[in-house]
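First comes the structure, then the notes that go with it.
Rule-based calculations on the coordinates, nothing more; no lab input. Computed from a predicted model, the values in this text were never measured in an experiment. As a convention, Cβ positions derive from the backbone with ideal geometry for all residues, glycine included, and neighbour counts pool all protein chains shown.
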Amino acid sequence: MLLPTQKTPPKCALSDLTILVYGATKIGKSSMCSKAEEAIFLATEPGLNSLEVYQITINSWDDLLNAAAELAEGNHGFKTIVIDTVDNAFKLCEEYICRKLNIAHQADAPYGKAWAMVAGEFQRVITKLAFLPYGLYLISHSQEIEMETRTGKYTKTVPTLPEKARKIVLGLVDMVLYCDIETLTGPDNKVIARRVMRTKPSLNYEAGDRTGRLPEVIDLDYDKFVEAFNAGRDTKKTDNTKPTKETPKEATR
């Protein structure tokens, strides 16, 4: 291996990024991702019936491996890969490893062997897809979990991935977009519901943007997302590692 002689420039196109999009069921995650450039869906669950998209039905981890291998060959016109959902992809990976070890559940293997194999296989394949010269969108649902600190407990909204898979995905992606409903009061005092994507770290939900280009809140619309990303191209990058100063939601009992 030769050592580099030049620095790697920052990636400036959405087609170079890996993005996690998560939120409540039927909020519009798949619809948003379907507008990505030349997208192909690796559909691990039903839910695309109302969308006209290119899709491959993924019923097993082998199906996903075969699709990934074919996409890696590059003999196609697709520019964006969408895994819908990454939750089910992880479940298929679990089933694949259990069959390989001839066990019913990961806990049946001694010394945590199955858990380690599942995590390693899942990370290997998702990382391989992320390294391909295409955009990668990972779709997940949302859930509330209870967080505990020295001063008390609070509730945080996170992707529905199991904790080990969630850590792998969060460490890999360039953006975490939380799809949410924002309520506003109109001039006639009527409540207006607005579907949005939250992009910055928070105590109350998982979100983040390594590029530093996105505003804190964007309409849940792909064109608005691209517009915001391009508008932030020349702005100074800010530190997104610290949560915004806010009061955490109290944990529900």
Order 119-129, 140-150, 186-196 from most to least packed using the mean count of other Cβ atoms within 10 Å. 119-129, 140-150, 186-196
Considering only region 14-177, what is the antiparallel percent among its DSSP beta bridges, to the nearest 5? 25 percent
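What are the trypsin sites (Lys or Arg not before Pro) within region 16-106 that DSSP puts in a loop, where the Cβ has at most 11 other Cβ atoms within 10 Å?
Here the trypsin sites (Lys or Arg not before Pro) that fit, given the DSSP loop and packing criteria, are Lys26.
Which of the peptides 49-56, 15-22 is most tightly packed, and how do the rest follow, judged by the mean count of other Cβ atoms within 10 Å per residue? Display every interim value, and only then the final one.
Details: 49-56: 11.9, 15-22: 21.9.
By packing density, highest mean first, the sequence is 15-22, 49-56.
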Extend 7 Å from the Cα of Lys26 along its Cα-to-C-beta direction; within region 41-59, residues with backbone N under 14 Å of that point are 47-50
What Kirkwood hydrodynamic radius, in Å, does the chain give when the mean of 1/r is taken over all pairs of distinct Cα atoms and then inverted? 19.7 Å
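Ser60 to Thr151: FRET efficiency via 1/(1 + (r/R0)^6), r the Cβ-Cβ distance, R0 41 Å, to the nearest 0.05? The partial results should precede the final answer.
Values: r = 46 Å, r/R0 = 1.12.
Calculated transfer efficiency: 0.35.
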Using a simple spin-label model with points 7 Å from Cα along the Cα→Cβ vector, what separation in nm is obtained for Arg194 and Glu144? 2.3 nm
So for each of 199-206, 219-226 I average, over its residues, the number of other beta carbons within 10 Å; can you give me the resulting order with the highest mean first? 199-206, 219-226
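Report, in debye and to the nearest 20, how large the dipole of region 29-100 comes out about its Cα centre when Lys and Arg carry +1 and Asp and Glu carry -1 on their Cβ. Mind dumping the intermediate values first?
Values: 6 positive and 12 negative charges, 27 e Å.
My answer is approximately 120 debye.
How high is the relative contact order of region 61-154, in percent, counting Cα pairs under 8 Å that sit 6 or more residues apart?
Values: 73 pairs, mean separation 35.2, N = 94.
It rounds to 37 percent for region 61-154.
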Within 12 Å, Cβ to Cβ, of Lys224, how many net charges do the neighbouring residues add up to if Lys/Arg are +1 and Asp/Glu are -1? -1
Work out the charge dipole of the chain with +1 on the Cβ of Lys and Arg and -1 on the Cβ of Asp and Glu about the Cα centre, then indicate which of Ile145, Thr44, Leu20 is farthest towards its positive end. Ile145
Where the centroid of each part is defined by its Cα atoms, how far is region 82-128 from region 186-229 in Å? 33 Å
